[in-house]
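The values are calculated or read from the model by the stated rules, or taken from the named source; none is laboratory data. These numbers were taken from a predicted model, which means no experiment stands behind them. Positions of Cβ are backbone-derived with ideal geometry, glycine not excepted, and every protein chain shown enters the neighbour counts. These area figures cover heavy atoms from the full protein model, side chains too; ligands, DNA and RNA do not enter into them. Shrake-Rupley method; radii C 1.70, N 1.55, O 1.52, S 1.80 Å.
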Amino acid sequence: MAKVVIIKPKNNDPPPEEGLPPWMATFADMVTLLLCFFVLLLSFANNDLEKFKELLGSLKDAFGVKIERKEDDHLALTPSDLKRKEVKMDSNDKRLLGLVLRIKALLDEDDATRKSSGVKADQDGVLVNTDSATLFKPGSATLRPDAHKVLDRVVSILKDHNYNLVVRGHTDNSEIRSKKFPTNWELSSARAASALRYIVEKGGIAPKRLKAVGYADTQPLVKNDSPANKRKNRRLEFFYHKPARDSW
């Protein structure tokens, strides 16, 4: 009996590809691009806040303002941040930010005033530091003719913002020999009172919103060990603070 041999045809199809199907590569690319897109959006969202914290966090930057806050206090924000629903700020923070921006705008109007003044803020108010030489002659409590450039800005701020003001006089530790001012206590107090009197008489600010204090050389900014440092310590400070009874 003859045998029948069946010969199977050869399979010429290409071998099946190993690994994931091709559509998975396209899907993975799409997911990666979406991830990069949302990371980029997040970086943009945080960018303004980081810049503003740096802006208000150092006297060395262009804004020139230092905001001092406790660790549990939230940071100050830009005006654009106030429009974001997720950012929560109380009314005091908004007023404080507006006051800082207003003071900086006024100081920047005059180059000499800006160079001789500094601004610092905390949760209670804003402190403007002005070189005494800008306002007074050495050993004198009489205002210079151009002292109005600084004091008129102080008056403008008081009219635009419901803050009270403390004028603080400071000197260096050099001994003063004058019949009118026997010690630095009298000189620092007289300078603060002289500036306050201008604010009341020329600016029409209610006296109940103002206070003048003399500290002599008891609160130096730096050590009185050089003429430059002594000049820094001879200063007049204008501290804007919220009233005891808030009437906003």
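Loop-only trypsin sites (Lys or Arg not before Pro) in region 138-200, please: DSSP not H, G, I, E or B, and at most 13 other Cβ atoms within 10 Å. Working shown, then result.
Values: sites: 149, 153, 159, 168, 177, 179, 180, 191, 197; in loops: 177, 179, 180.
For trypsin sites (Lys or Arg not before Pro) across region 138-200 that sit outside H, G, I, E and B with at most 13 neighbouring Cβ atoms in 10 Å, the list reads 177, 179, 180.
All other residues with a Cβ under 9 Å from the Cβ of residue 165 taken together, and with Lys, Arg as +1 and Asp, Glu as -1, what is their net charge?
Numbers: positive: 209, 211; negative: none.
With Lys, Arg at +1 and Asp, Glu at -1, the neighbours total +2.
What is the gain in length, in nm to one decimal, between residue 24 and residue 39 on full extension, counting 0.36 nm per residue of separation less the C-alpha to C-alpha distance? Numbers along the way, then the final one.
Details: separation 15, 0.36 × 15 = 5.40 nm, distance 2.25 nm.
Additional length available on full extension: 3.1 nm.
Find the accessible area per residue for region 150-248; the probe is 1.4 Å, ligands and nucleic acids are left out, and the unit is Å². Can you show the working numbers first?
On the way: 5500 Å² over 99 residues.
Result: 56 Å² of accessible area for each residue.
With every protein chain in place, what's the accessible area of residue 176 (1.4 Å probe, Å², nearest 10)?
Residue 176 has an accessible surface of roughly 30 Å² with all protein chains in place.
Of the cross-linked pairs 94/208; 208/232; 159/242; 179/208; 149/202; 202/230, which ones have a Cα-Cα span greater than 21 Å in the structure shown?
94/208; 208/232; 179/208; 202/230
Compare 122, 146 by solvent-accessible area with a 1.4 Å probe and give them largest first, with all protein chains kept in place.
146, 122
So for the pair residue 209, residue 193, with labels modelled 7 Å out along Cα→Cβ, what separation do we get in nm?
Taking the two extended label points, one gets 2.3 nm.
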